[in-house]
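Everything on this sheet refers to the single structure shown next.
What follows is calculated from the coordinates using simple rules that are stated; it is not laboratory data. Please read all numbers here as calculations on a predicted model, not as lab measurements. Reconstructed Cβ throughout: ideal geometry from the backbone, glycine too, with neighbour counts over all protein chains shown.
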Amino acid sequence: MQINLSYSSVTDVGLLSLANISCLQSFTVLHLQGLVPGGLAAALLACGGLTKVKLHLSLRPLLPQLLIRHVESRGCVFEWRDKEFQVNFMSGSCLKIEQNTN
């Protein structure tokens, strides 16, 4: 199972609760407000079945290298992305949020 949490309002507590999903293998966190590095680190440690994690590049210096190596030693691959946050206004009152794929 994979979950994309980008552009959501998931907090540290919510992310940590995902560790209870035993089949969770992959998650993506690119633009997420309310998440602190300590909460992300706790979730990475608690999710023992992860095989791939996509994180925004800005989070890399905030996570201890020892933690990253430990999670990688369990078979997880980190993908670091530098995607800009974009908001595009559509016609009417709809709001569409997109990621820049350049």
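Full extension of the chain segment joining Met1 with Phe78 gains 26.1 nm, where the gain is 0.36 nm per residue of separation less the Cα-Cα distance.
In a Debye calculation with equal point scatterers on the alpha-carbon sites of the stretch 5-50 and no solvent, what is log10 I(q)/I(0) at q = 0.18, 0.27, 0.31, 0.34 Å⁻¹? Values returned for q = 0.18, 0.27, 0.31, 0.34 Å⁻¹ are -0.46, -1.02, -1.26, -1.38.
Here the simple spin-label model places points 7 Å from the Cα toward Cβ, and for Lys52 and His70 these points are separated by 2.5 nm.
Per residue, the convex hull around the alpha carbon atoms of the stretch 19-81 comes to 76 Å³.
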